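The structure appears right after this line, and notes come after that.
Every number here is computed from the coordinates shown, using simple stated rules; none is lab data. Everything quoted here is computed from the prediction, not taken from an experiment. Cβ: placed from backbone, ideal geometry, glycine included. Neighbour counts: every protein chain shown.
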Amino acid sequence: MRPVQYFSKEYLEQCKGMKPEDILRFLDEFRRLHSPAARRGSRLISLKVPENLLEAFKAKANLHEVPYQTQIKRLMMEWVTGQSAEANAPMREGSRRQGTTRKS
């Protein structure tokens, strides 16, 4: 079963002023983001992050019993889609579900 999308009144008002090319760009980006091809695999990336920021992020993720890389992916998804990733289906690709205990 697919999740139901809910929109705020503010968002709907904002959309009323969209031009046709804006709507087409949005639909194309949405299609690419949610297509089955987009979900097939993952890509390993290298990212430089200040050590103190990474350690603080890992510590907070550990307090919430969430693997820190899973939390990074959730934050990325929230930013891209504009909605909470927790409302979406659980993340795949070997990540643990929230609520499992993780030892560092």
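Annotations
- Whole-Hz ³J(HN,Hα) from phi, Karplus 6.51 cos²θ - 1.76 cosθ + 1.60, for the range 42-47, glycine and proline x: 10, 10, 6, 10, 10, 9
- ³J(HN,Hα), Karplus 6.51/-1.76/1.60, whole Hz, each residue of the range 25-34, x for Gly, Pro: 5, 4, 5, 5, 5, 4, 4, 5, 5, 9
- Bridging of K19 to lysines at a Cα separation below 26 Å is possible for K9, once same-chain residues fewer than 8 apart are set aside.
- Highest mean packing comes first when the peptides 5-14, 22-31, 66-75, 41-50 are listed by Cβ atoms within 10 Å, giving 66-75, 22-31, 5-14, 41-50.
- Ordered by the number of other Cβ atoms lying within 10 Å of each residue's own Cβ, fewest first, M77, M18 fall into the sequence M18, M77.
- Considering only A56, G41, Q69, and ranking their Cα positions along the charge dipole of the range 28-69 that arises from unit charges at the beta-carbon of Lys, Arg, Asp and Glu, the one farthest toward the positive end is G41.
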